[in-house]
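> Please see the structure below; I have some questions.
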Amino acid sequence: MKKVRTDADRIRAFAEYLSAEGRPAPFDFCSLNAGITYPAPGLDGVLEYFFFCCAHQFGFWNLQNGRWISPMIARLDGRDLKGSDYVWTAATRALRKNPDIFSPHALANLNGNELNDLFLDDGAANPLPMWPEHLELTRQYADWFTTRKLQPADILHRAAAARRPLQMLLDLLAEVPGYAEDPLQKKAMLLAIVLENRPEHFLNVTDPDSARPIIDYHLQRSALRTGLVVVEDPALRARLEAREEATAGEEALIRSVVYESIVALVRLSGLSVAAVDWFFFKNRTGCPEMTEPQCAACPVRHICARSTKLFQPVFRTTYY
Ligand code: SF4
């Protein structure tokens with residue numbers, strides 16, 4: 001018996017539901033609080049901002065005594081923001097002050113305190129739970145570009161000129177620190193859908209078949225709770241429910257099976273990776289980490305396994 005497996009019937013039911021719902025417009029990484037959470041369209045330095053920020057989408061939760069205890073939430077300009085929103089917003093604040101701030105050359109010239117200051121909250125603290133890893137990746141990222149005398153725009157232009165632009169972008173990012181580490185290329189694919197869907201339309205994707213699912217912890221939680229993925233091993237299931245730290249092997253196994261389930265869901269639904277990702281991104285607010293999921297009000301309650309106690313593997317990584 002496999003410890004973790006996909007559920008073909010459940011995936012088919014979700015594919016039918018999603019394709020009947022039609023094709024939602026993928027998120028544009030702008031319209032939600034444009035100018036505050038995300039930079040307004042056309043702002044100088046936007047491309048460098050997204051190259052930098054996507055590489056820092058990881059680790060937004062707190063661990064205590066071997067257990068997940070809370071998401072990272074911090075106050076910025078009077079608003080309480082969860083980790084990902086916090087990074088976008090803090091970086092937008094920095095970009096508005098200095099449009100060049102996220103160019104590799106500028107990053108390379110900032111010392112640790114100056115980099116730390118970019119992410120200070122209203123209480124003058126840096127709330128990112130994995131700040132040492134963010135700092136180290138920033139150093140490696142800036143070095144990688146500056147030693148090669150390259151800019152993010154050079155990567156974009158090479159990808160845009162290729163016969164298969166999305167595949168080329170993913171291949172090029174597979175070399176860049178901050179993107180290179182994850183074999184499933186979650187952050188690289190996130191950057192790809194940003195570049196495609198931002199109002200500037202930086203990248204015209206003509207090879208959507210090159211797209212890969214964006215497997216972060218929210219998508220893993222959704223796949224486990226909805227039953228797209230089934231954990232057969234009772235001991236592993238109990239540890240996921242208890243939110244205890246997973247081993248590297250357990251995390252890799254669950255994440256790879258979730259990846260497989262989303263590949264199948266994309267294929268059967270006929271929707272894009274970005275559209276499927278956007279559905280689960282929106283769904284996470286009704287199926288949260290800290291409070292009881294609101295199954296009665298959930299649009300997928302009739303097809304969901306409602307395994308509400310299940311939780312993503314608790315594992316520290318810079319991949320997501
Ligand atoms: S809220 Fe309930 S029905 Fe909706 S996805 Fe979560 S577990 Fe399923």
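The values are calculated or read from the model by the stated rules, or taken from the named source; none is laboratory data. Predicted model only: the values in this text are computed from it and were never measured. Neighbour counts run over all protein chains shown; Cβ positions are idealised from the backbone, glycine included.
> Give the number of residues within region 135-149 that are of a type outside the set (D, E, K, R) and without any contact (Cβ under 8 Å) to a residue 24 or more places away in the chain.
Qualifying residue count, region 135-149: 2.
> Condition check: at pLDDT 95 or above and either assigned by TED's automatic domain parsing to the domain that holds Ala223 or within 16 Å of the ligand (Cβ to nearest atom) (or both). Does Ala275 satisfy that? I'd like the intermediate steps shown before the answer.
Values: at pLDDT 95 or above: no; either assigned by TED's automatic domain parsing to the domain that holds Ala223 or within 16 Å of the ligand (Cβ to nearest atom) (or both): yes.
No: the conditions fail for Ala275.
> Read through the list (1) in a loop (DSSP other than H, G, I, E, B); (2) more than 11 Å from the ligand (Cβ to nearest atom); (3) out of contact with any helix residue (DSSP H, G or I) (no Cβ under 8 Å at 6 or more places or on another chain), then give the number of the only condition that Glu260 fails.
(1)
> Quick check: anything in region 37-58 of a type in the set (S, T, N, Q) and closer than 24 Å to Phe279 by Cβ?
yes
> What are the residues in region 284-320 that are in contact (Cβ under 8 Å) with a residue 60 or more places away in the chain and within 6 Å of the ligand (Cβ to nearest atom), if any?
Cys287, Pro293, Val300, Cys304, Arg306, Thr308
> While we're looking at this one, here's another question. When only residues in region 4-55 that are among the polar types (S, T, N, Q) and at pLDDT below 95 count, which is farthest from the chain's Cα centre (by Cα)?
The extreme case among them is Ser19.
> Same structure, new question: Take the conditions in contact with a Pro (Cβ under 9 Å, 6 or more places away or on another chain), crowded, with 16+ Cβ neighbours inside 10 Å and not hydroxyl-bearing (Ser, Thr, Tyr) and apply them to Glu133. Does it pass?
Against the criterion (in contact with a Pro (Cβ under 9 Å, 6 or more places away or on another chain), crowded, with 16+ Cβ neighbours inside 10 Å and not hydroxyl-bearing (Ser, Thr, Tyr)), Glu133 does not qualify.
> Okay, next question. Within region 198-228, can you find the residues that are away from the ligand (no atom under 16 Å from the Cβ), in a loop (DSSP other than H, G, I, E, B) and not charged (D, E, K, R)?
Pro199, His201, Phe202, Leu203, Asn204, Val205, Thr206, Ala211, Pro213, Ile214, Ile215
Residue by residue, here is whether (1) in contact (Cβ under 8 Å) with a residue 12 or more places away in the chain; (2) within 30 Å of Glu232 (Cβ to Cβ); (3) hydrophobic (A, V, I, L, M, F, W, C); (4) surrounded by fewer than 18 Cβ atoms within 10 Å (Cβ to Cβ) holds:
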| site | (1), (2), (3), (4) |
| --- | --- |
| Arg5 | yes, yes, no, yes |
| Arg10 | yes, yes, no, no |
| Pro41 | yes, no, no, yes |
| Thr89 | yes, no, no, no |
| Leu95 | yes, no, yes, no |
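> List the helices (runs of 4 or more DSSP H) that sit entirely inside region 1-116 and contain at least 2 residues that are of a type outside the set (D, E, K, R) and over 21 Å from Pro127 (Cα atoms). Show your work before the answer.
Details: elements: 8-21, 46-55, 83-97, 104-108.
Those helices (runs of 4 or more DSSP H) span 8-21, 46-55, 104-108.
> Sort through Pro132, Pro183 and tell me the only one that's assigned to a loop (DSSP other than H, G, I, E, B), free of Cβ contacts under 8 Å to residues at least 24 places away in the same chain and either assigned by TED's automatic domain parsing to the domain that holds Glu251 or out of contact with any helix residue (DSSP H, G or I) (no Cβ under 8 Å at 6 or more places or on another chain) (or both).
Details: Pro132 fails: assigned to a loop (DSSP other than H, G, I, E, B).
From the options Pro132, Pro183, the qualifying one is Pro183.
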